[in-house]
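Written out below as structure tokens is the structure these notes cover.
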Amino acid sequence: DPRPVTGSSGGTGTEASPALGGPGGDDSSGAAADHGTAGAVSPPAGDGSAPGFTEGMSPAGSVTGLPTRLTGPGLQAAGQHTQAAGRGTAPAGRPDRLTIAAPPGDRVARRGRGRSGRRGSTGGDGSRVHHTDRLPRAGSRRWRVRLIVLLVVLLVAGAAAFGGWWLGGRWTSAPEVLGVARDAAVAQVRDAGLVPSLTTAHDNVVPSGKVASADPTGGSRQLRGATVTLVISSGRPVVPRIGAGTTVPAATELIAAADLRAKTDAARDVYSDTVPAGAVVRTDPAGGRPADIGSTVVLIRSRGPVPVLVPTVAGKQVEDARNKLLVNGLAVGPPEQTFDPDQPAGTVLGTNPPAGSTVPHGSPVSLVVAASKTVPDVAGTSIEQAARQLRDSGFDVTVGDPVFDATVPGGQVVRSDPPPGTRLDPADPAVTLIASTAVTVPPVTGMSVAMARNALEQLGLQVQVFAFFGADGSTVTDQRPDAGDLVEPGSTVQITAWP
């Protein structure tokens, strides 16, 4: 690609591009020979060794610093042009442009463009001075190639680095942390580009606070950012302290939470005056002692208070029997009454539970007491009074058919059924009273026969009169039976009268 070379500096000049093989410079190709002043073309300001330029060309017309590919007739024309125009210079920083100076005295009248569109100037003598096209930028092209090569190298290196990372850099190795203290293990996992996740578990061997296991295991290949689960040992399990009185289900749950196994053994249960029956009294091993994972812890339960032998209290009075129960560590329960015809009411017949039984300490024991109603002796009292008395004592009274009793006045109780002193069941205290029908012979001596007969007949007695005259006006001098004797109803009373 040709680049323009521009002429300047007072003399006339022509466009050098046709001579250099550049396009479009047809109107000024022959004007270069009009100037006879010899000159040389200098390399670009700076180091004088810009790439692509030749050095040491002959002073007879060679152009120093022109691209090496400027040869043939064009180069000769350029030399003639240079001789005619003077010394050519390149502006600082623009090695691709060449300015050819005109001889002194020549004036640049104007600037314009040729038919080819190249910029040019008109000299003082009317000739045109053309600025050449830019010189070919072979050095720039070389730098472009180098830049492309550099970019390719960088891309290849980046791809290699990414491939190395993809194939190996994104992978890491899980560290060996078994037995390492918790904080140190966490630091090692993080240093390996992994994320630690911590859990705690009992371990029979690994001391508390150190790593018992890791997942994934140490040395395994893992992607960076993967999670490593570290199980931190809490040491051997410790038997929990179970409070006395804890229920078996609650104690079992506490022991299971400690990675131990609970069990019960009825043969090992004990008596306790303070712990309810069935609740836990203690454990074996005792609380606070270490044990292996999954080992057995026996729950020793309470059988309740210590058993007590029920004493014998039969035949004693109620108060004495109560005292004996209390002395033996038992409580006195509500009494139980039972009918016993052979024991007086209120006599202790026994206990419930019976004597000789074993009961927990402090258990209530009821006294079995004889209960009965003893029929009182109401003989000789009137039937009405006796019946009222028995009813007031809780008896069910029935008055039976009266009978004659020569010893009991009429209307009084001859006997009761059952007889007095009989113990009756309080549930059925029935008593029948039997009254006497005996009639008491009234005294009639000294009465008239008529009056005596009337008195005796009112009592249901028969009258037999012994008198000399049998007059009703006679006075009774004797009677049989005697006054006060008890006779059966309808009996005959003999009276003697005088005269």
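Some points to look at:
- Hits in segment 348-370 - residues which are polar (S, T, N, Q), open to solvent by 50 Å² or more (accessible area, probe 1.4 Å) and closer than 11 Å to Val308 by Cα: Thr358
- Close pairs from segment 242-254: first among the hydrophobic types (A, V, I, L, M, F, W, C), partner open to solvent by 50 Å² or more (accessible area, probe 1.4 Å) and part of a helix (DSSP H, G or I), Cβ under 8 Å, at least 6 apart: Ile242/Leu254
- Of all the criteria given as (1) open to solvent by 20 Å² or more (accessible area, probe 1.4 Å); (2) more than 19 Å from Leu309 (Cα to Cα); (3) of a type in the set (A, V, I, L, M, F, W, C); (4) touching a Pro at 6+ places or on another chain (Cβ under 7 Å), the one not satisfied by Ala345 is (4).
- Being under 30 Å from Thr338 (Cα atoms), of a type outside the set (Ser, Thr, Tyr), open to solvent by 70 Å² or more (accessible area, probe 1.4 Å) and in contact with a strand residue (DSSP E or B) (Cβ under 7 Å, 6 or more places away or on another chain) is a property that holds for Arg423.
- Filter pass, Ala314 being surrounded by 15 or more Cβ atoms within 10 Å (Cβ to Cβ) and assigned to a helix (DSSP H, G or I): no
- Screening Gly446 with (1) open to solvent by less than 40 Å² (accessible area, probe 1.4 Å); (2) on the phi > 0 side of the Ramachandran plot gives one miss only, at (1).
- Within segment 294-309, the residues that satisfy the criterion of being modelled with pLDDT under 95 and among the aliphatic types (A, V, I, L, M) are Val306, Val308, Leu309.
- Pair list, Cβ under 6 Å, 6 or more apart: segment 313-334 residue free of Cβ contacts under 8 Å to residues at least 24 places away in the same chain, other residue outside any helix (DSSP H, G or I) and of a type outside the set (Lys, Arg): Lys324/Pro311; Lys324/Val313; Asn328/Val308; Asn328/Pro311
- So Arg190, is it touching a Pro at 6+ places or on another chain (Cβ under 9 Å), farther than 30 Å from Thr296 by Cα and open to solvent by 40 Å² or more (accessible area, probe 1.4 Å): yes
- Looking across segment 227-239 at every residue that is open to solvent by 30 Å² or more (accessible area, probe 1.4 Å) and in contact (Cβ under 8 Å) with a residue 40 or more places away in the chain, the one that is nearest to Thr264 (Cα to Cα) is identified as Val238.
- Selection within segment 205-226 - in contact with an Asp or Glu (Cβ under 8 Å, 6 or more places away or on another chain) and among the hydrophobic types (A, V, I, L, M, F, W, C): Ala212
- Looking across segment 250-268, the residues that are of a type outside the set (A, V, I, L, M, F, W, C) and out of contact with any Ser or Thr (no Cβ under 7 Å at 6 or more places or on another chain) come down to Thr252, Glu253, Asp259, Thr264, Asp265, Arg268.
- In the set (1) out of contact with any helix residue (DSSP H, G or I) (no Cβ under 8 Å at 6 or more places or on another chain); (2) at pLDDT 95 or above; (3) of a type outside the set (A, V, I, L, M, F, W, C), the condition left unmet by Pro499 is number (2).
- The set of residues in segment 319-336 that are loosely packed, with under 15 Cβ neighbours inside 10 Å and among the hydrophobic types (A, V, I, L, M, F, W, C) comprises Leu326, Val327, Ala331.
- The set of residues in segment 459-499 being open to solvent by less than 70 Å² (accessible area, probe 1.4 Å), touching a residue at least 40 places away in the same chain (Cβ under 8 Å) and among the acidic types (Asp, Glu) consists of Asp485 alone.
- Subset tally (residues that are part of a strand (DSSP E or B) and either at pLDDT 95 or above or touching an Asp or Glu at 6+ places or on another chain (Cβ under 8 Å) (or both)) for segment 239-271: 5
- Lys373, sole failed condition from (1) in contact (Cβ under 8 Å) with a residue 40 or more places away in the chain; (2) open to solvent by less than 50 Å² (accessible area, probe 1.4 Å); (3) not aromatic (Phe, Trp, Tyr): (2)
- Residues being assigned to a loop (DSSP other than H, G, I, E, B) and open to solvent by 40 Å² or more (accessible area, probe 1.4 Å) - total across segment 282-304: 6
The values are calculated or read from the model by the stated rules, or taken from the named source; none is laboratory data. As the structure is a prediction and not an experimental result, all values here were calculated from the model. Positions of Cβ are backbone-derived with ideal geometry, glycine not excepted, and every protein chain shown enters the neighbour counts. Note: areas computed on protein heavy atoms with side chains; ligands, DNA, RNA excluded. Shrake-Rupley method; radii C 1.70, N 1.55, O 1.52, S 1.80 Å.
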